[in-house]
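Written below as C-alpha cells is the structure these notes are about.
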Amino acid sequence: MKKILIIVRSTIHYSHCSSIIDEIKKDNNLIKLVFMNDNKENDFNVIHSYRVKNYESGEKVLIQKDKTTNKEEVLLKENKNLKIIKGVGRKDKWIWLLQKLRETLTFISFIRREDNSAFFENQKRYVPSLILNINKILLLRKLLCSKITFNILKKIHNLIPSSRNIKSFLQEINPDLVLVIGGNWPSSADKFSSEIDYIKASKQKNIPSVIQVVSWDNLTARGLYHYEPDIMLAWNKDHYKEAVKIHGISKNKVKIIGSPFMDKWFNKEKNIASKKEFFKSINLDQNKPLVTYLGSSKNITTKESKIAEKIHLHLEKMGIQLIIRPHSANSYQFKNISKNIPVIPKLGNLPDTVESKKLMIATLKYSVATIGVNTTAMIDSIILQTPSIAITKNGLANGQKMTTHFEKIFQQGIFISKDTEESCAKEIQNIINNGINKKSKNKMELFIKEFCRPLGENISAGSQSLFEIKKLLN
C-alpha cells in the first residue's frame, strides 16, 4: 500500500479531481487529503457552501450545503483508504517577497505572449503598483518584459528557501508521493497560496511530486507554475504545448491523461427525470422546443441579462422557450431578469452532487441547443451532444477572441458562431427544422475525442492518472 498526499486548494475544487481520487482509492492506496482552506466553510456562491465536518459515526466528510433549505449532501467520506487531514501553509518571512515575485512573473508572462484578455486584467489586481506604473512607460516596459528581466526575477525566486513548515509536515506524514491539484492560483496581500510550495519541499525531501491541471483554461488564464513537478497531468495536446511553452515544464514530464473534470459526463447517470417530469418541474410546455442560455463567469462578462432577454424576445415569437442556467459565481447578474425567463438553478450550482448532475444532464439533454459567451458549460453541452451557439457580438471579444483557451476551441468549429441575438434565434429555428449537419457533428465528435478522451473513449482521465502515478512510483 502506497501513501499518497493530495493537496487541494479548496473544498470547492474537489470535483476537479474526484475521478483521480476514486481511482487511487480503488487501487488500495492510502490517501491523506488536505484542503488548504483549513477545512473552514467555503462559500462558492450565495446558495451553496462546501466544508469538511465530522459525521455521526465519527469519520470526516466533505459536504455541500444548500443554505436556502439547509440540506446537506455528502460528496466524500473517509474510509480505511482515505483520511481528510489538516494541512499547513507557508507562513514565514519570505511570503511577502514570494508574492511580489510570483505575481510579477505571471504579469510579465501575459505581456510577453501578448495576452490582453480579461484574465490579464484580472492579474493586475495582484501585481505591485510599482510594476503597474513601470508598465505604463514604454522604455521601462520593454526592460520589464525582456527575457533577461524575467530570468533574473525567476532566479531570485528560485533562490528563496522552501518552507520549513511544509517540510516538517511532509516529514511527519512521510508520503510516497505528493499530488498537487492546481498550484498556480494567485496570492493576494492577505492570502498566500502555498500549494506550489509543496512541490519544492517534496523535491528537497526526495518525494515524487505530481501536478494536475484542473481546468481547460488553467494554463493560459491563471498564474505560472513556479516549480516543476516530476510529472504534470495534462488534458490534451494543447495543454501539453502550453505547459512546455508558457510554464517551462520539460517535455518528458508532461503526461496527457484526458480531462478528470469531464469524466463525470462519460458515466451514465441513472434515474434522470423524464422529459415530462423535467418540463413540469420548471413550469414549461414540453411540446414547445427549449433553449438554455449558459451564463459565464464574472471574469468574462457581467452583462448577460440583456443578451438573454433579447434572445428570449426573438425566440418567443417563434414559439420557442428559453431558460437560463447561471454560472454559480456570477448568478447575481440575472437578479432582475424578466420574470418570463426561468433561471434554473436560481443561483446556480456546480454539477458535483448526484442531484445537481442529474439536473444539468436533463437541462442539456432536453434542450435543442444552448447559447453562451465563454463558459465550461458550453463544452459540457457538446459532450452531452447538444449543439452550442457562441454569441460573438461587439463588446465580448475581451472574454472570447482575446482569450487563448476559448479562441483555440472556437477555431475548431465546434460552436456555431452568431453575432446578434436575432441571428442566434434564427439558427435555433434552423436546428429545429433541419438538425445539425454532418460536418458539424463530425467536428463535435472529434473534439470530444481529442479534448476529453485523447487516449480512447473508454479510458478515463482518472484511470490514466493512476497509471502515470504508478509508473512514477515504480
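Of the conditions (1) over 17 Å from residue 184 (Cα atoms); (2) in contact with a Phe, Trp or Tyr (Cβ under 7 Å, 6 or more places away or on another chain), residue 139 fails just one. Which one is it?
Against the list (1) over 17 Å from residue 184 (Cα atoms); (2) in contact with a Phe, Trp or Tyr (Cβ under 7 Å, 6 or more places away or on another chain), residue 139 comes up short only on (2).
Filter segment 133-173 down to the residues that are over 27 Å from residue 89 (Cβ atoms) and aliphatic (A, V, I, L, M) and list them by number.
134, 137, 138, 139, 140, 143, 144, 148, 152
Got a number for residues in segment 156-168 being in a helix (DSSP H, G or I) and within 30 Å of the chain's Cα centre (by Cα)?
Going through segment 156-168 one residue at a time, the tally reaches 5.
Which residue is surrounded by the fewest Cβ atoms within 10 Å (Cβ to Cβ), if the candidates are limited to segment 303-323 and must be among the β-branched types (Val, Ile, Thr) and touching a Ser or Thr at 6+ places or on another chain (Cβ under 9 Å)?
The selected residue is 323.
Looking at this structure, is residue 349 within 22 Å of residue 264 (Cβ to Cβ), crowded, with 16+ Cβ neighbours inside 10 Å, in contact with a helix residue (DSSP H, G or I) (Cβ under 9 Å, 6 or more places away or on another chain) and touching a residue at least 60 places away in the same chain (Cβ under 8 Å)?
So residue 349 fits the description; yes.
Would you please name the residue that is nearest to residue 234 (Cα to Cα), looking only at residues in segment 169-196 that are part of a helix (DSSP H, G or I) and in contact (Cβ under 8 Å) with a residue 60 or more places away in the chain?
170
For the subset of segment 421-454 comprising residues that are in a helix (DSSP H, G or I) and of a type in the set (Gly, Ala, Ser), which member is farthest from residue 264 (Cα to Cα)?
Among those that are in a helix (DSSP H, G or I) and of a type in the set (Gly, Ala, Ser), it is 423.
Which strands (runs of 3 or more DSSP E) does segment 221-297 wholly contain that include 1 or more residues that are at pLDDT 95 or above and over 15 Å from residue 182 (Cα atoms)?
By residue number, 254-256, 290-294.
Residues to consider are 408, 443, 449, 418; find the one that is of a type in the set (Lys, Arg) and touching a residue at least 40 places away in the same chain (Cβ under 8 Å).
One residue alone meets the criteria, 408.
I'm trying to understand the selection: among the residues of segment 135-159, which are surrounded by 10 or more Cβ atoms within 10 Å (Cβ to Cβ) and hydrophobic (A, V, I, L, M, F, W, C)?
137, 140, 143, 144, 145, 150, 152, 153, 156
For residue 151, work out the one condition from (1) touching a helix residue (DSSP H, G or I) at 6+ places or on another chain (Cβ under 8 Å); (2) part of a helix (DSSP H, G or I); (3) modelled with pLDDT of 95 or more it doesn't fulfil.
Only one criterion in (1) touching a helix residue (DSSP H, G or I) at 6+ places or on another chain (Cβ under 8 Å); (2) part of a helix (DSSP H, G or I); (3) modelled with pLDDT of 95 or more is unmet by residue 151, namely (1).
For the subset of segment 71-119 comprising residues that are assigned to a helix (DSSP H, G or I), without any contact (Cβ under 8 Å) to a residue 40 or more places away in the chain and surrounded by fewer than 18 Cβ atoms within 10 Å (Cβ to Cβ), which member is farthest from the chain's Cα centre (by Cα)?
Residue satisfying both the conditions and the ranking: 96.
Please go through segment 44-55 and pick out each residue that is surrounded by fewer than 18 Cβ atoms within 10 Å (Cβ to Cβ) and farther than 25 Å from residue 29 by Cα.
Result: 46, single match.
The values are calculated or read from the model by the stated rules, or taken from the named source; none is laboratory data. Everything numeric in this text was worked out from a predicted model, so none of it was measured. Note that we place each Cβ from the backbone using ideal geometry, even for glycine, and neighbour counts take in every protein chain shown.
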